[in-house]
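The values are calculated or read from the model by the stated rules, or taken from the named source; none is laboratory data. Just so we're clear, the structure is a prediction, and the values are computed from it rather than from any experiment. Cβ: placed from backbone, ideal geometry, glycine included. Neighbour counts: every protein chain shown. With ligands, DNA and RNA removed, areas are computed over all heavy atoms of the protein, side chains included. Shrake-Rupley method; radii C 1.70, N 1.55, O 1.52, S 1.80 Å.
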Amino acid sequence: MKIRVGIIGSGWSANALAWAFNAVRFSVREEKFPKIELVRAMSRTARKVEAFAREYGFKEWTTSETDFFKGDLDLIAISTPNNTHALYSIKAMESGADIIIEKPFTVSLSEAKDVVSRAEKLGRKGAICLVSRLIPASVIARDMISRGELGEIREFRAVIAHAKHAYEDTPFEWRMSKQVAGGGVFADLGVHALDLAESITSRRIKRILGRTYTVIVEREDPATRQIVKVDTEDVGFALFEYENGAPGMVEASKLSPGFEEQMRVEIHGSRGGVRFTLTEPHTVYLFKRETQRIEKIVKGFEEIYPWLNWPAPKSFEGWVYSYLVLVKNFVDNIAGLNESPYPNLKDGLRSQELLSSFYESAASGKPIEAIL
């Protein structure tokens with residue numbers, strides 16, 4: 001079997017997905033896994049999309065939607081500015097393709113609902129790049145909690161941050177425009193932590209209070225050399241409650257010099273607690289009340305996902321490997337091989353519900369009852 005793939009976009013996440021589509025071909029041990037054929041890439045800038053396509057081995061490249069959506073692709077990955085996610089998702093599904101969409105799902109809850117509804121009517125499947133839930137540490141923690149090792153969940157805490165927008169001389173980009181991005185650091189990074197708050201604990205958030213801060217309010221637009229207003233947040237905080245009343249907190253920042261990519265998650269229960277970080281994606285620290293000791297539990301990608309030939313045991317394990325797992329699991333499903341778990345369109349819809357509640361709360365200053 002052959003899966004014919006197209007990608008829209010040529011930025012960081014498009015590169016991560018293109019790498020994953022290439023790497024999965026020599027990373028999976030299973031003989032029945034389909035052949036991946038990289039057919040076509042599309043982006044707005046001809047020079048960039050040609051360089052991108054040549055680097056990753058796509059047969060064709062274009063800047064034309066008409067030339068891209070020919071109806072001959074089985075899977076289309078969408079890694080474009082957020083306000084195009086819904087448009088391209090629907091075009092892709094109507095052309096007969098299943099879809100992978102970079103997070104956030106869309107820029108609004110109504111758009112997300114529309115994409116899910118269209119997918120159901122067309123019989124198409126979709127994955128959302130909420131890839132934090134696929135790193136080994138997240139899987140280990142989720143398994144511990146499901147076995148009851150932490151007892152009743154009492155508290156969730158997460159910080160996700162980097163320094164991309166930390167300095168005043170960092171130029172304006174599309175993620176600083178609410179019209180294009182739909183939100184700031186919470187739409188870009190905080191959504192990962194909100195997703196983990198529910199996916200790891202298997203508990204739903206019922207109420208959320210959001211605060212947002214745009215600390216650097218003006219930037220220079222490199223295209224015009226004009227100073228323009230920034231209307232998305234570069235720091236945000238969410239306080240929330242689970243259905244059982246347990247509290248949680250997520251902090252997201254793009255103003256954190258010294259932390260190029262940081263995520264720290266802590267979950268505390270009546271019998272103990274766990275913590276892990278993105279910089280050690282294969283390591284979980286577990287505290288047990290009965291022993292009063294902290295255990296260090298290490299499992300690599302190759303232990304969590306036995307189908308992997310690569311990465312080699314205990315090799316450097318970066319963020320991009322989670323994209324490889326997403327691609328493999330999604331291809332399993334669309335090829336009818338296995339019901340492998342992946343963040344699907346309904347997971348994406350749920351993440352959009354939480355983001356919508358967060359931003360509504362930040363605007364009103366009042367807690368919002370999240371959709372259960």
Quiz item: Which percent, to the nearest 5, of DSSP beta bridges fully inside the range 94-238 are antiparallel?
Solution: 70 percent
Practice problem: Can you find, among LEU209, ALA97, THR291, the residue farthest towards the positive end of the dipole of the chain? Put +1 on the C-beta of Lys and Arg, -1 on that of Asp and Glu. | Solution: THR291
Quiz item: When the dipole is taken about the Cα centre of the range 142-218, and only Lys, Arg (+1) and Asp, Glu (-1) are charged at their Cβ, what size is it in debye, to the nearest 20?
Solution: 460 debye
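Report, to the nearest whole %, how much of the accessible area of the chain belongs to carbon and sulfur atoms, 1.4 Å probe, protein only.
Working: 8000 of 16280 Å².
It is 49 percent, rounded to a whole number.
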Quiz item: Can you give the alpha-carbon Rg of the range 105-196 over 2.2 N^0.38 Å, where N counts its residues?
Solution: 1.41
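Using a 10 Å cut-off on Cβ atoms, rank the peptides 282-292, 156-166, 241-251 from the highest mean neighbour count down. The partial results should precede the final answer.
On the way: 282-292: 15.3, 156-166: 21.5, 241-251: 17.2.
Ranking the peptides 282-292, 156-166, 241-251 by packing returns 156-166, 241-251, 282-292.
Compute the length gained on full extension between ALA223 and LYS296: take 0.36 nm times their separation in residues and subtract their Cα-Cα distance, giving the result in nm to one decimal.
21.4 nm
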Quiz prompt | Base-10 log of normalised Debye intensity for the range 140-263 (one unit scatterer per alpha-carbon) at q = 0.16, 0.23 Å⁻¹ | solution = -0.78, -1.26
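Counting only heavy atoms of protein chains, what accessible area per residue, in Å², does the chain have with a probe of 1.4 Å?
Details: 16280 Å² over 372 residues.
Spelled out: the 1.4 Å probe surface of the chain, per residue, equals 44 Å².
Seen from all sides and averaged, what is the projected area of the convex hull of the Cα atoms in the range 1-74, in nm²? Each step should come with its number before you reach the end.
On the way: hull surface 19.2 nm².
Projected over every direction and averaged, the Cα hull of the range 1-74 covers 4.8 nm².
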Quiz item: What is the spread of the Cα atoms of the range 104-153 along each of their three principal axes, largest first, in whole Å?
Solution: 41, 20, 19
Practice problem: List every residue whose amide H lies under 5 Å from the amide H of ARG154, counting only residues 5 or more places away in sequence or on a different chain, with H placed 1.01 Å from N in the peptide plane. | Solution: HIS268, GLY269, SER270
Quiz item: Once the Cα atoms of the chain are picked out, what are the Rg and Dmax in Å?
Solution: 20.4, 63
Quiz item: How big is the range 142-208 by the Kirkwood estimate over distinct Cα pairs, in Å?
Solution: 14.5 Å
Practice problem: Please report how far the C-alpha centroid of the range 223-269 lies from that of the range 274-294, rounded to the nearest whole angstrom. | Solution: 23 Å
Exercise. Please give the solvent-accessible surface of GLU55 in Å², to the nearest 10, using a probe radius of 1.4 Å with every protein chain present.
Key: 130 Å²
